[in-house]
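The numbers here are math on the coordinates, done by the rules we state, and not lab data. What you see is a predicted model; the values in this text were computed from it and never measured. Here the Cβ positions follow ideal geometry from the backbone for every residue, glycine too, while neighbour counts run over all protein chains shown.
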Amino acid sequence: MLTKKSVEDINVTGKKVLVRCDFNVPMEDGRITDDNRIVGALPTIKYLLAHNARVILCSHMGRPKGEFNPKYSLAPVAKRLSELLGKEVTLAADVVGPDAQAKAAALKDGEVLLLENVRFHKEEEKNDPAFAKQLASLAEIYVNDAFGTAHRAHASTAGVADYLPAVCGYLIQKEISIMGGALNNPTRPFVAILGGAKVADKLKVIENLLTKVDTLIIGGGMAYTFLAAQGKGIGTSLYDAEKLDYCKDMLKKADEKGVKLLLPVDTVVAASFPDPIDAHIETEVVCSDSIPADKMGLDIGPKTRELFAEAVKAAKTVIWNGPMGVFENDELAKGTIAVAQALADSDATTIVGGGDSAAAVEKLGFADKITHISTGGGASLEFLEGLELPGIACLNDK
Ligand code: AMP
């Protein structure tokens with residue numbers, strides 16, 4: 001399926017291997033609050049160590065805006081990674097400077113070095129060739145295992161591949177084989193569920209999925225422009241007038257292609273958006289074709305929860321991206337929870353795109369009941385759009 005070379009297709013023994021990871025972990029007061037992304041990088045790192053490579057890791061963290069800032073240092077990552085690997089992880093004081101160069105040159109087989117945050121250099125996000133070349137000069141092989149940034153053409157995610165043999169790690173391999181497999185060769189019925197705030201963010205995803213799925217389910221704030229396109233009154237719900245024709249077009253396309261397009265049949269409404277977002281809010285359930293003019297739709301209703309869960313039950317492949325309502329508020333989280341539950345209960349291949357839906361699944365404790373939770377929010381969306389991701393396109397073909 002994957003046409004790109006992986007770590008297994010290249011001799012790494014005794015070689016200096018630069019591995020781009022996604023160690024952009026959530027932090028609070030200098031402490032890592034969720035180490036999933038570090039754990040996700042372990043299979044590749046362990047493979048390289050088991051084959052006596054000299055491992056040079058790099059990653060970004062936050063948005064330090066191109067200059068050194070201790071707040072965004074990877075020091076806590078070095079510490080946690082060292083605990084997880086049960087071996088020392090040396091942290092360089094810089095990215096491509098004298099300390100990184102000296103430490104990379106001194107690495108012995110089976111040792112691990114972590115470079116500082118690549119975004120301490122503004123050249124990183126500009127994909128500056130000179131910077132990419134400097135980074136490449138530290139190593140003999142480049143491995144990209146950062147799926148979360150694979151949709152960015154930065155120096156460490158793509159540019160560096162111009163100067164070194166370039167292959168993917170296990171995390172990227174897994175993301176591509178599971179999501180690519182679902183998109184291009186799904187066991188049917190294939191159901192996609194899209195939610196989130198705006199239609200405008202998912203235009204190409206909807207269009208691409210309509211050529212692949214048997215059923216497309218649309219919930220969340222984006223559903224209301226579709227309901228409006230069907231001529232329904234949507235009160236003060238989220239609405240994108242500029243995308244009304246697009247939604248009409250997609251409804252027509254679904255019809256022509258024989259794709260079942262499911263929209264909310266009932267909706268949870270309130271007088272206004274909760275403020276603050278988790279404030280207690282008075283709600284009522286109304287049919288989607290009788291939303292009062294002064295009310296705002298903020299979650300899918302109970303009949304819709306059942307309808308969507310039934311569709312998931314009948315599916316053999318399910319992809320889900322985006323919450324069904326304002327799930328940050330307990331009163332408006334029921335739709336999102338119901339979809340997460342339906343996926344958890346399903347025997348189908350279930351794939352959850354990154355971001356909010358992944359967080360919801362993990363918070364509910366359903367993570368181990370899902371086939372694959374993508375580690376990339378933006379990257380998984382671009383993948384669903386059918387785009388070639390620069391961080392993958394740059395790798396050597398098999
Ligand atoms: P996105 O960033 O596009 O993935 O959308 C996620 C956001 O959509 C969440 O913060 C939700 O609160 C919001 N959202 C979901 N449903 C609605 C809705 N019906 N009205 C307003 N916002 C919504």
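Every helix of 4 or more DSSP H residues in the chain counts as -39500 (n - 2.57), and over all residues that averages to -10000 deg cm²/dmol at 222 nm.
Rg over Rh for segment 311-392 works out to 0.98, using Cα positions for both radii and the Kirkwood form for Rh. Seen from PRO302, the other residues with C-beta closer than 15 Å to its C-beta sum to a net charge of -3, counting Lys and Arg as +1 and Asp and Glu as -1. The lysines whose alpha-carbon is closer than 17 Å to the alpha-carbon of LYS313, local same-chain residues fewer than 8 away aside, are LYS260, LYS303, LYS369.
Peptide packing: for 62-74, 144-156, the average count of neighbouring Cβ atoms within 10 Å per residue gives the ranking 144-156, 62-74, highest mean first.
For ASP201 and GLU83 in the same chain, what is the full-extension length gain: residue separation times 0.36 nm, less their Cα-Cα distance, in nm?
38.6 nm
Packing here is the average count of other Cβ atoms within 10 Å per residue, and on that basis the peptides 218-227, 384-393, highest first, run 218-227, 384-393.
Got a sec? Which residues in segment 352-393 would a label at LYS253 touch, if it sits 7 Å along Cα→Cβ and we count backbone N under 17 Å? Answer for segment 352-393: 381-388.
Each label point was placed 7 Å from the Cα along the Cα-to-Cβ direction; for ALA271 and VAL285 their separation is 2.3 nm. Share of pairwise Cα-Cα distances greater than 26 Å in the chain is 56 percent (whole percent).
Would you tally the net charge around LYS398, using a Cβ to Cβ cut-off of less than 14 Å, leaving LYS398 out, and scoring K and R as +1, D and E as -1? Residues near LYS398 contribute -1 overall.
The Cα atoms of segment 121-262 cover 60, 36, 20 Å along the three principal axes, with the biggest extent listed first. Taking segment 153-169 and a reference point 7 angstrom along Cα→Cβ of LYS398, the backbone N atoms nearer than 18 Å belong to 166-169.
In terms of its C-alpha gyration tensor, segment 73-130 has an oblate overall shape, because the principal axis ratio a/c (a ≥ b ≥ c, square roots of the eigenvalues) is not below 1.5 and a/b does not outweigh b/c.
Our estimate of slack between ILE10 and ASN69, defined as 0.36 nm per intervening residue step minus the Cα-Cα distance, is 17.6 nm.
When the chain is treated as a Gaussian network with alpha carbon springs shorter than 10 Å, the biggest mean-square fluctuation among ILE45, ILE277, ILE370 belongs to ILE277.
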